[in-house]
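The values are calculated or read from the model by the stated rules, or taken from the named source; none is laboratory data. Everything numeric in this text was worked out from a predicted model, so none of it was measured. Here the Cβ positions follow ideal geometry from the backbone for every residue, glycine too, while neighbour counts run over all protein chains shown. Ligands, DNA and RNA are stripped out before the accessible areas are found, and what is left, the full protein with its side chains, is counted by its heavy atoms. Shrake-Rupley method; radii C 1.70, N 1.55, O 1.52, S 1.80 Å.
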Amino acid sequence: MLNVLFSAKSAAWTDYQAPLNAAFAEAGIDANLSRDHVPEDVDYIIFTPNGPVTDFRPYTKTKAVMGLWAGVETIVDNETLTQPLCRLVDESLTNGMVEWVTGHTLRHHLGMDTHILGQDGTWRDDSFPPVAAKRPVTILGIGALGAACGESLHRLGFPVTGWSRSPKDIPDIRCLHGEKGLQEALTDAQIVILLLPQTPETTDILNAETLALMAKGSFVINPGRGPLIDDAALLAALDSGQIAHATLDVFRTEPLPPDDPFWAHPKVTVTPHIASTTRPETAAEVIVENIRRGEAGQPFRFLVNRGRGY
Ligand code: NAP
């Protein structure tokens, strides 16, 4: 019998208990899933950073920590965590992000606000959106989520450029990497989507200098993490017209404080970190499959590289 500790907020226990137990049964794994195991007896921890476990030292026989979140910036520096850490890559999470990114990209591409917000009896037939093929989109961070979003946008006809740390070869996406690749990826981009993890290297990656590389009147969409953007530089770029609109799902401080200038800015759309969320049924299957792999002596999937920070 495997002892599996569930360390997350109480509400998550309500959502996850049944799907996890069903997935264990389906996989033929005899697991005792609980929120109250003795630390020394725990084989695996299913984990969110806002749950009760913060010191991993007593978990001496724990074989891996299975995160329920895609982002790991709040756990990756925890020096008590010496066990392998896996982040969540889940089809439903990915699909949710593809829908959110595609929807907000199309909103800006089609100029939907003009007609949705400007219905005042005037027949404005003097301007049309360009076809998608004339609207270059750049995705900073072409990993699990970025690549899926890029493929969806390519299918709609957008020329998609993706930027990553290491070289990539993804069909139908122009793949760039490294410092020089960043400049090339941003130069003349009309829509820039941020799907990077938050690390020391990616902090403030969109700043006065890099925002200036984008096409005049372009759009920023950030479902990645708040610190990827230098907020003051973005506000200046919005006010100068360099950036026409920013759709922001993530912020340096969450919830976004009521007096934050983003709330009232006419060229900013705030969404409350809802771009995509983990769905218990599919996440439970992914986590149980990873535990099955561990028990079968196979390498874990979605291992976090502590040195890289993601
Ligand atoms: P992932 O698979 O690890 O992809 C991350 C991508 O960023 C990879 O392509 C990676 O390059 C690239 N990257 C990392 N550091 C870089 C650097 N210094 N320079 C250039 N490229 C760099 O992660 P994911 O699953 O797609 O998730 C991405 C992020 O989305 C998460 O970290 C999280 O912050 C955010 N997220 C937000 C929500 C929401 O609801 N708003 C939901 C889920 C996730 P390599 O491929 O070369 O490693």
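Screening the stretch 184-198 for residues that are under 22 Å from the mean Cα position of the chain (by Cα) and farther than 17 Å from Val101 by Cβ and picking the one that is farthest from the ligand (Cβ to nearest atom) gives Leu186.
Among the residues of the stretch 255-307, the ones that are closer than 30 Å to Leu2 by Cα, of a type in the set (Lys, Arg) and touching a residue at least 12 places away in the same chain (Cβ under 8 Å) come to 4 in all. Among the residues making up the stretch 68-88, those that are within 16 Å of the ligand (Cβ to nearest atom), among the hydrophobic types (A, V, I, L, M, F, W, C) and assigned to a loop (DSSP other than H, G, I, E, B) are Leu68, Trp69, Ala70, Val72, Ile75, Val76, Leu88. Considering the stretch 268-280, and only residues there that are open to solvent by 70 Å² or more (accessible area, probe 1.4 Å) and at pLDDT 95 or above, the residue that is farthest from the chain's Cα centre (by Cα) turns out to be Pro272.
So which residues in the stretch 247-260 are touching a helix residue (DSSP H, G or I) at 6+ places or on another chain (Cβ under 6 Å) and not polar (S, T, N, Q)? Matches in the stretch 247-260: Val250, Phe251, Arg252. Given the criteria at pLDDT 95 or above, more than 10 Å from the ligand (Cβ to nearest atom) and in contact with a helix residue (DSSP H, G or I) (Cβ under 9 Å, 6 or more places away or on another chain), does Ala215 qualify? Judged against the criteria, Ala215 is not a match. Remark: Asp113 falls outside the filter, which requires a residue to be open to solvent by 30 Å² or more (accessible area, probe 1.4 Å), assigned to a loop (DSSP other than H, G, I, E, B) and away from the ligand (no atom under 16 Å from the Cβ). Within the stretch 225-249, the set of residues being open to solvent by less than 10 Å² (accessible area, probe 1.4 Å) and under 18 Å from Glu201 (Cα atoms) comprises Gly226, Leu228, Ile229.
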